[in-house]
Amino acid sequence: MKTLAINKRATYDYEILEKYEAGISLFGCEVKSTKTGHISLKGSYIVIKNNEAYLLNAFIPPYQTKNTPSDYDPSRSRKLLLHKSEIKSLIGKTKQKGLTLVPIKLYTKKGKIKLEFALAKGKRKVDKREKIKKREAERKMRRVLREK
C-alpha cells in the first residue's frame, strides 16, 4: 500500500470521527499523474449530490501537458465510488450540525487508487492553540531529559 498524497491540514483543522475508503473515478492521464505523486489534496472536500459523492478542488496536473485535451481542468470534480448504503449513511451523518467530509490521504491498494476520507467536526481556534501548547511542552520536556 503506497501512499500517494496526504492532507496534513485535515487533522489540524478537523477532529476526525470516522474513516471511510472509496475508489475514485479518474482519466488515464490523471492515473499516471497520481501514481507519480503529482496530486494535491490541500483545500479539497467531499460533497454528496444526487446520491453520489464527489471530490472537489483536488488538484491533479496532467501527466504530459502536450498530450492532454485543451479543455482539461486539473481541479475538476471527481466521482467517488461507494456503495448506496454507505452514501445513505453519510447523508444522514452530514446533516448533523458541524459535520463534514474531508479527504485524508490517497493511496494504491492492489493496483487501484483509493481515497481515505473522514467524517469530521471542525476545530475551534482555542482547540488548535491548546494542541500547539501541548506539543511545545512535550518538546521542552524531551530536550531537558536529553540534556541530563
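Table: residues versus (1) within 21 Å of the chain's Cα centre (by Cα); (2) under 18 Å from ASN7 (Cα atoms); (3) of a type in the set (A, V, I, L, M); (4) at pLDDT below 90.
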site: LEU82; (1), (2), (3), (4): yes, no, yes, no
site: GLU86; (1), (2), (3), (4): yes, no, no, no
site: GLY98; (1), (2), (3), (4): yes, no, no, yes
site: LYS105; (1), (2), (3), (4): yes, yes, no, no
site: LYS114; (1), (2), (3), (4): yes, yes, no, no
site: ALA118; (1), (2), (3), (4): yes, yes, yes, no
site: LYS128; (1), (2), (3), (4): yes, yes, no, yes
site: ARG143; (1), (2), (3), (4): no, no, no, no
site: GLU147; (1), (2), (3), (4): no, no, no, yes
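State which residue pairs qualify: first residue of a type in the set (Val, Ile, Thr) and inside region 68-90, second residue modelled with pLDDT of 90 or more and assigned to a loop (DSSP other than H, G, I, E, B) in any location, beta carbons under 7 Å apart, and separation of 6 or more residues or different chains. Filtered contacts from region 68-90: ILE87/ASN51. Of the set (1) surrounded by 12 or more Cβ atoms within 10 Å (Cβ to Cβ); (2) over 14 Å from the mean Cα position of the chain (by Cα), all apply to LYS66 but (1).
Let's see how each residue does on (1) free of Cβ contacts under 8 Å to residues at least 40 places away in the same chain; (2) among the β-branched types (Val, Ile, Thr); (3) not in a strand (DSSP E or B):
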| site | (1), (2), (3) |
| --- | --- |
| THR100 | no, yes, no |
| PRO103 | no, no, no |
| TYR107 | no, no, no |
| ILE113 | no, yes, no |
| LYS121 | no, no, no |
| ARG129 | yes, no, yes |
| ILE132 | yes, yes, yes |
| ARG135 | yes, no, yes |
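The values are calculated or read from the model by the stated rules, or taken from the named source; none is laboratory data. Predicted model only: the values in this text are computed from it and were never measured. Please note: Cβ atoms are built from the backbone with ideal geometry, for glycine as well, and neighbour counts cover all protein chains shown.
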